[in-house]
Amino acid sequence: MIKQLPDLADGQVTVAGWVETIRDQKKVQFVILRDESGSVQLVRPRPEGDDEISSTISELTLGSFVRVSGELKHDERVKLGGIEVKIETFEVVGKALPENPIAEDSSIDKRLDWRFLDLRRPELNLVFRVQTTFEHALRTWWVEHDFVEIHTPKLMASPSESRAELFQVPYFETTAYLAQSPQHFKQMAQASGFGKIFEIGPAFRADPSFTARHATEFTSVDAEISWVDSHEDVMRMHEELLVAGFTAVKEKHGDEIKALFDIDIEVPSTPFPRIPLAEAKQIVADRGYVVPRADDDMDPEGERQISAYVKETYGSDFVFLTDYATSIRPFYHRRHDDDAGLTNSYDLIYNGTEISTGAQREHRVEVLEAQARDKGLDTEELATYLDFFRYGVPSHGGFGMGLGRVLMLMLHLPSIRETTYLFRGPNRLLP
Ligand code: AMO
């Protein structure tokens with residue numbers, strides 16, 4: 001790895017990477033080579049009348065992948081890391097076409113067309129190393145707390161959320177649906193006695209929107225736990241988990257994130273503020289923004305406003321909005337014992353955008369069935385799911401969190417198109 005070179009003593013080395021710049025001068029040739037870890041300057045005095053290596057360098061195209069061996073020398077005068085490699089052998093492993101189809105100022109759509117080239121940029125490479133560290137820290141936290149990892153099917157016979165946003169797939173003699181969430185099967189795990197489970201996997205939504213936060217396929221981070229008294233237990237697990245994730249990212253990548261994104265990663269303090277939705281809407285209204293949605297939910301501007309309020313008042317980037325109205329929550333959310341119009345649920349807002357929904361579930365099958373009917377759902381279609389609750393199931397709750405959104409907000413990127421390895425949207429199925 002190139003970033004290790006400054007730590008080596010002067011002597012023979014072999015390096016491989018992409019050609020970033022070429023300075024093809026009369027007396028000396030310079031090539032800057034880059035791999036995912038950093039860049040290094042290669043140098044070679046040009047022989048009289050040229051030879052094979054100098055001709056190869058002259059004909060080199062930017063972006064080509066080359067392997068070079070030579071003499072590493074520390075030299076304070078070299079701006080790039082105080083080292084250079086004096087070229088002795090030079091092999092072009094993969095030559096790039098001369099015209100790079102994208103430039104730094106290309107539109108996001110054009111960059112997505114050439115995603116494999118776009119991902120060579122050091123900051124995008126960092127996004128996915130941060131993602132790796134973040135996921136690893138969540139898994140480690142879960143494993144240390146005795147959670148079981150499950151992998152639920154993504155082909156389903158019935159919708160896992162509402163009928164809206166559903167992808168249908170021909171499935172032999174019948175039709176299957178792509179899972180919108182592992183919701184049914186993480187609840188099933190509670191009926192199976194797994195107690196505490198998690199899954200990080202794909203979720204699909206046939207959502208025709210083109211916003212910065214929506215994809216038709218995204219990675220959903222899910223957890224479900226038994227024996228909850230209310231959504232409060234779920235929120236406590238959720239915030240501890242995030243502290244573990246952010247701590248790992250700060251420790252491992254804090255300096256690089258500062259250098260490439262000019263952001264100081266902050267490990268959130270717990271408990272995150274909790275504000276009932278009705279109160280949050282009042283706070284936002286008092287700040288001069290009236291949430292216009294007739295269905296009573298927060299809208300994106302409302303989320304930004306409540307986040308600004310929470311940052312000013314509590315210094316927190318995170319806020320749990322709680323106790324959503326039954327009318328805007330799925331049938332499986334547990335309703336308040338003393339007010340059927342409210343649910344034991346929450347959304348987690350981070351830096352102005354929803355990243356997660358969580359709730360205590362309704363585990364009493366008669367109530368659950370009644371709530372499904374209340375929402376106009378076909379209980380026949382839900383029969384297999386409802387059976388999970390007929391043979392003894394503990395009270396339980398959990399959450400789902402969009403991984404792409406967390407990264408987008410953590411790194412202040414404008415869209416999940418940047419933080420999704422290969423974005424899928426209404427008009428994007430390639431590459
Ligand atoms: P919900 O539908 O709110 O809840 O989804 C949970 C989280 O998933 C992310 N998300 C998306 N990310 C990108 N593109 C999309 N189209 C998209 N849709 C959702 C968001 C969101 O907060 N079953 C429940 C969770 C639960 O209660 O356990 C559910 O799916 O970050």
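Side notes on the structure shown:
- Computed from Cα atoms, the angle from the helix 365-374 axis to the main principal axis of the chain rounds to 80 degrees.
- Pair-distance profile P(r), taking every C-alpha pair of the stretch 241-293, with 5 angstrom steps and integer %: 4, 17, 16, 11, 10, 12, 16, 11, 2
- All-pairs alpha carbon distance profile, the stretch 259-339, 5 Å steps from 0, percent: 3, 13, 21, 20, 16, 14, 7, 3, 2, 0, 0
- Each of Pro208, Gln180, Ile197 was scored by the projection of its Cα onto the charge dipole of the stretch 172-226, and the greatest displacement toward the positive side belongs to Ile197; charges sit on the C-beta of Lys, Arg, Asp and Glu.
- Note that the stretch 193-242 shows a convex hull volume over its alpha carbon atoms of 118 Å³ per residue.
- Entry note, the chain: relative contact order of 13 percent, from Cα contacts under 8 Å with a spacing of 6+ residues.
- Solvent-accessible heavy-atom area per residue, rounded to whole Å², over the stretch 71-138 at 1.4 Å: 61 Å²
- Extents of the stretch 105-210, largest first, come to 51, 42, 24 Å (Cα atoms, principal axes, whole angstrom).
- Residue by residue, the stretch 99-111 carries 3J(HN,Hα) couplings of 9, 6, x, 10, 10, 4, 9, 5, 5, 4, 5, 5, 5 Hz when phi is fed to the Karplus relation 6.51 cos²θ - 1.76 cosθ + 1.60 (θ = phi - 60°); x denotes Gly or Pro.
- By the Kirkwood approach, averaging reciprocal distances over each pair of separate Cα atoms, the stretch 162-214 gets a hydrodynamic radius of 13.2 Å.
- Nearest 10 degrees, 0 to 90: helix 277-286 Cα axis against the chain principal axis: 70 degrees
- Global size of the stretch 384-425: 17.5, 47 Å for Rg and Dmax (C-alpha atoms, Rg to one decimal, Dmax whole).
- Spread of Cα-to-Cα distances over 5 Å intervals beginning at zero, given as percent, for the stretch 340-431: 3, 11, 16, 14, 14, 11, 13, 13, 6, 1
- The stretch 28-107: radius of gyration over Cα atoms, expressed as a fraction of 2.2 N^0.38 Å: 1.19
- Fluctuation leader among Thr419, Thr175, Thr152 - the chain, Gaussian network, Cα springs under 10 angstrom: Thr175
- Net charge of Cβ neighbours under 12 Å - reference Asp35; Lys, Arg +1; Asp, Glu -1: +2
- Simple Cβ-charge dipole of the stretch 1-148, Lys/Arg +1 and Asp/Glu -1, about Cα centre, in debye nearest 20: 200 debye
- Of all the options Ser160, Ser230, Ser39, the one that moves most in a Gaussian network model of the chain with Cα springs shorter than 10 angstrom is Ser39.
- Convex hull of Cα atoms in the stretch 276-431, direction-averaged projection (nm²): 12.1 nm²
- Cα centroid separation - the stretch 360-431 against the stretch 130-208, whole Å: 8 Å
- Highest-fluctuation residue, Thr219, Thr322, Thr270 considered, GNM on the chain with Cα pairs under 10 Å: Thr270
- Compared with the dominant principal axis of the Cα atoms in the chain, helix 300-314 is inclined by about 80°.
- Calculated P(r) of the chain - Cα pairs past 38 Å, %: 36 percent
- Calculated over the stretch 1-157: convex hull of Cα atoms, volume per residue (Å³): 185 Å³
- For Asp323, the solvent-accessible surface with a 1.4 Å probe is about 30 Å², rounded to the nearest 10.
- Of all accessible heavy-atom area on the chain, the percent that carbon and sulfur account for (1.4 Å): 52 percent
- Solvent-free Debye scattering, log10 I(q)/I(0), computed from the Cα coordinates of the stretch 193-294 at q = 0.10, 0.16, 0.17, 0.22 Å⁻¹: -0.50, -1.21, -1.27, -1.15
The values are calculated or read from the model by the stated rules, or taken from the named source; none is laboratory data. Just so it is clear, the model here is predicted, and its values are computed rather than measured. A quick note on method: Cβ atoms are made from the backbone with ideal geometry, for glycine too, and the neighbour counts reach across all protein chains shown. What goes into the accessible areas is simple: the full protein's heavy atoms, side chains included, and nothing from ligands, DNA or RNA. Shrake-Rupley method; radii C 1.70, N 1.55, O 1.52, S 1.80 Å.
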